[in-house]
Amino acid sequence: MKILMSAILFAYPFFSGEISDTDSKNAAVDVSDMIQSYFEHSELPENELQSLYGFLSYLHENPVNINETDRNGVALLPFLSSSQKEDILSYLYIHGKMESLGELQFIESLDYRDRQFISLFVYAGNRTGRTGSVPEKSKRVYNSAVTNISIPLYRRAGFYHYSESELLKYPNRKYSGNAISNSIRYSFNSGDNVKIGFTMDKDPGEASFNKHIPLYDYVSLYFQMQKAGRLSNIVAGDFDMSCGQGLILKTDFTMGKTSVLNTCVSDMIKAHTSVSESGYFRGACLSMKCSDFLFTLLLSSKRVDAVLDNTGAVSSFKTDGYHRTALELSKRHNTIDNTSVMRIHWKNDNANIGCTLSADYFDRILSFRKFPVSLAFAEGSLIWNAGLDYGVRRGLWSLSGETAVYCGRHFATIDRLQLRLSGNYVLNLIYRNYGSGYFCFHGNSLNECGMSGEQGIYLGLERNGKIKNTFYADLFCFQGNAQSTVKPCYGYDLRYGLSYISKDRNTGIDVSCRFKSRRNTAHNAESSGKFKVTCNNRLTRNMALKSQLNAAYCPVNGFRGEYGLALTEQLSYKPDKHSLSGSISVSWFMTDSWNTSLRIYENGLPYSYNIQTLDGRGLRNSLVVKYSPVHSVSVNFKFGSTVYLDREFIGTSQQKIHSFHKEDISLQFAIKF
């Protein structure tokens with residue numbers, strides 16, 4: 001996916017200093033600074049951003065041995081395109097192990113910025129059964145522990161003290177826990193093949209250590225072992241699985257429309273290390289390889305949050321993971337989702353074909369019209385999907401797709417053609433057609449209005465070179481559903497991006513603009529436009545300055561418009577050796593309404609969600625200090641402040657703050673041994 005790689009990678013040299021291809025690990029690397037640029041140019045919802053950020057942070061702490069990897073291992077690198085993954089595997093097959101990551105420069109599909117980003121998540125160790133001068137890192141055993149604590153310096157209405165009579169009348173007015181949020185992560189790694197760990201998380205307002213919640217509200221355990229004889233992958237506990245094009249199974253993050261230009265869904269099974277409390281499996285999964293065939297069996301049983309009607313049937317699912325008030329707690333773990341998946345996948349160097357069968361059985365009757373991931377009407381206790389996916393690769397072109405059926409009656413299909421044109425041009429053409437009755441509980445593929453009742457054509461073009469240009473146009477038509485209240489609509493989504501980095505890698509400029517329009521059958525239009533310019537300048541080897549302009553426009557009543565504008569300056573300092581580093585940022589913003597609110601990424605702590613959504617008029621400031629007395633220990637601190645100039649109160653209901661400003665501090669302690 002070199003489209004978003006352009007956005008991710010061009011900023012990297014400005015934060016880490018000059019790094020040679022032959023020794024990219026010698027300079028200090030901050031994964032938070034690297035991932036920052038990716039988030040700035042993605043269009044993902046917050047829950048998927050949290051999952052993606054957590055996974056990349058975990059992958060940075062637990063890098064993959066590029067010499068030990070296979071197709072399943074390369075699939076863990078979601079930022080690589082399918083052709084880049086194949087090129088890496090071909091190089092290893094022909095030339096054997098890499099003595100250093102500098103050999104990546106011999107792979108033509110990887111440019112300088114690609115190689116710099118890859119170095120954050122892989123290393124070059126010895127291949128199994130070979131000897132050499134490179135230390136056998138794949139046999140290393142190590143532990144990692146990280147804890148985050150966030151403390152607000154303000155009080156929301158949900159944490160006020162109320163009288164018993166008030167709470168009797170309004171039981172959801174007060175949160176059940178304190179205002180502090182805390183997460184704890186631990187992982188044990190034996191090389192690249194064995195991983196054991198757990199994650200615990202408590203959101204602000206959630207109770208813990210009581211008879212209903214003995215530990216934290218969210219506790220996740222996982223065990224994963226790879227390459228154990230014929231067993232290519234064994235996972236137990238909480239895990240994610242994706243296959244085909246995502247019509248049936250894709251429980252991890254998506255990468256947004258921009259990344260569709262150069263990446264597609266691969267078969268992937270990985271431990272669930274994120275604090276996201278929905279969209280994963282809890283049970284066991286086994287993959288066995290036999291020649292070119294891969295057989296996968298999945299069994300999962302997980303309690304999920306649901307809203308029940310008067311008859312005890314499930315009327316909707318709750319996926320935000322919050323359990324703070326009595327009402328939210330009443331929806332916690334109300335039903336059990338029992339999932340079974342069988343998959344057979346055949347793949348060689350030029351083609352692949354797979355068959356998937358998935359069934360979900362709930363202990364309650366489903367009786368509702370709108371799922372959080374679909375507009376299909378589902379009813380009963382058993383839902384099932386079956387699908388067939390394929391892929392063909394021939395030189396400069398590739399063709400892939402998937403067709404799936406829901407309960408034997410409703411179909412969905414997505415097909416993709418990729419062409420490598422003359423020079424550095426890549427063209428992608430994707431057609432999708434999701435039937436109005438199609439539904440998938442664990443799927444997530446390219447869509448605008450939902451994976452039901454939608455048709456669309458996606459055209460993407462990328463030009464690589466000194467100045468990288470990217471463009472996509474997505475034309476969609478939503479047909480609606482007889483049981484759905486969502487009106488039929490049609491529209492388009494356009495985006496253009498430009499990325500430039502100077503020859504001396506001291507200056508980088510990134511420009512992106514996007515316009516989206518949706519019109520229903522009553523000819524009521526909803527349109528929005530966004531524009532962004534980012535300039536990175538490396539002042540010295542260890543100091544960088546980032547300047548950014550964000551703008552948004554939303555037409556109202558056909559002619560009158562609402563506007564949004566934000567200006568950000570961020571100064572970062574990072575020495576060559578791990579000791580003391582930090583950054584400071586200042587943002588000024590002005591928006592007419594929530595319709596033109598702006599999302600701005602600010603530097604933060606690893607594993608922490610650092611995107612701010614700004615609306616109204618005001619200032620946002622942050623200070624980050626990171627101290628590592630030794631390589632294996634780090635103590636990180638962040639202070640953030642938001643001051644609004646157009647209001648006396650912030651938020652509504654339980655989230656209301658009786659002040660025009662809010663401040664918070666975050667602490668993180670990490671150790672690796």
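The values are calculated or read from the model by the stated rules, or taken from the named source; none is laboratory data. Because the structure is a prediction, the values reported are computed rather than measured. Cβ: placed from backbone, ideal geometry, glycine included. Neighbour counts: every protein chain shown. For accessibility, only protein heavy atoms count, side chains too; no ligands or nucleic acids. Shrake-Rupley method; radii C 1.70, N 1.55, O 1.52, S 1.80 Å.
Within the set K270/K626; K270/K672; K638/K662, which residue pairs have Cα atoms separated by over 25 Å? Could the numbers behind the result be given before it?
Values: K270/K626 30 Å; K270/K672 21 Å; K638/K662 14 Å.
Check vs 25 Å cut-off fails for K270/K626.
Counting Lys and Arg as +1 and Asp and Glu as -1, what is the net charge of the other residues whose Cβ lies under 9 Å from the Cβ of C513? It would help to have the intermediate numbers written out before the result.
Values: positive: R495, R514, K530, K532; negative: none.
Here the charged neighbours net out to +4.
If DNA, RNA and ligands are ignored and the probe is 1.4 Å, what is the ranking of H95, H345 by accessible area, most exposed first?
Values: H95 115, H345 20 Å².
In descending accessible area the options line up as H95, H345.
Note down the magnitude of the dipole of segment 505-616 about its Cα centre, charges +1 on Lys and Arg C-beta and -1 on Asp and Glu C-beta and zero elsewhere, to the nearest 20 debye. Don't skip to the answer; put the middle values down first.
On the way: 14 positive and 8 negative charges, 88 e Å.
Taking the Cα centre of segment 505-616 as origin, the dipole is about 420 debye.
What list of ³J(HN,Hα) values in whole Hz, one per residue of segment 305-318 in order, does the Karplus curve 6.51 cos²θ - 1.76 cosθ + 1.60 (θ = phi - 60°) give from phi, with Gly and Pro shown as x?
6, 8, 9, 9, 8, 5, 8, x, 7, 7, 9, 6, 9, 10
How many nm separate the modelled label positions at R364 and R519, each set 7 Å beyond the Cα in the direction of the Cβ?
4.3
Fully extended, how many nm does the chain gain between S593 and R230 (0.36 nm per residue separation, minus their Cα-Cα distance)?
Extending this stretch completely gives an extra 124.9 nm.
Would you mind working out the magnitude of the charge dipole of segment 297-357 relative to its Cα centre, with +1 at each Lys and Arg C-beta and -1 at each Asp and Glu C-beta, to the nearest 20 Debye?
Working: 8 positive and 6 negative charges, 28 e Å.
Here segment 297-357 has a charge dipole of around 140 debye.
Between I149 and W346, how high is the FRET efficiency from 1/(1 + (r/R0)^6) when r is the Cβ-Cβ distance and R₀ = 41 Å? Nearest 0.05. Present the calculation step by step, with values, prior to reporting the outcome.
Numbers: r = 49 Å, r/R0 = 1.18.
About 0.25, to the nearest 0.05.
Multiply the residue separation of D576 and T613 by 0.36 nm, subtract the distance between their alpha-carbon atoms, and state the gained length in nm to one decimal.
On the way: separation 37, 0.36 × 37 = 13.32 nm, distance 3.28 nm.
Length gained, D576 through T613: 10.0 nm.
Sorted by average packing, counted as other Cβ atoms within 10 angstrom per residue and highest first, what order do 400-410, 237-247 take? It would help to have the intermediate numbers written out before the result.
On the way: 400-410: 19.6, 237-247: 25.9.
In decreasing order of mean packing, 400-410, 237-247 become 237-247, 400-410.
What net charge is computed for the residues neighbouring N433, neighbours being all others with C-beta under 12 Å from the C-beta of N433, Lys and Arg scored +1, Asp and Glu -1?
On the way: positive: R432; negative: E402, D415, E454.
So the surrounding residues net to -2.
Considering only lysines 8 or more places apart in sequence, or on different chains, count the pairs in segment 405-533 whose C-alpha atoms sit under 26 Å apart.
Pairs that pass both the separation and distance tests number 12.
Starting with the highest mean, order 494-504, 597-607, 440-450, 454-464 by the number of other Cβ atoms within 10 Å, averaged over the residues of each peptide.
Ranking the peptides 494-504, 597-607, 440-450, 454-464 by packing returns 440-450, 597-607, 454-464, 494-504.
Of L168, A228, S242, which is farthest along the charge dipole of segment 160-245 in the positive direction, counting Lys and Arg as +1 and Asp and Glu as -1 at C-beta?
Highest projection toward the positive end goes to A228.
May I ask you to list the residues of segment 169-184 whose amide nitrogen lies under 20 Å from a point 7 Å from Cα along the Cα→beta-carbon direction of H161?
Counting only backbone N, you get 169-180.
Give the shape of segment 392-455 as rounded, prolate or oblate, defined through the alpha-carbon gyration tensor: a ≥ b ≥ c are the square roots of its eigenvalues, a/c under 1.5 means rounded, and otherwise the shape is prolate if a/b is larger than b/c and oblate if not. Walk me through the numbers on the way to the answer.
Numbers: a/c = 3.49, a/b = 2.38, b/c = 1.47.
Prolate.
When the C-alpha atoms of segment 402-506 are aligned to their principal axes, what extent does each axis show, in angstrom, from largest down?
Cα spread of segment 402-506 along its principal axes, largest to smallest: 58, 25, 23 Å.
If R₀ is 56 angstrom, what is the calculated FRET efficiency for the pair I94 and S659, using the beta carbon separation as r and rounding to 0.05? Show your work: numbers first, answer last.
Values: r = 64 Å, r/R0 = 1.14.
Using R0 = 56 Å, I get an efficiency of 0.30.
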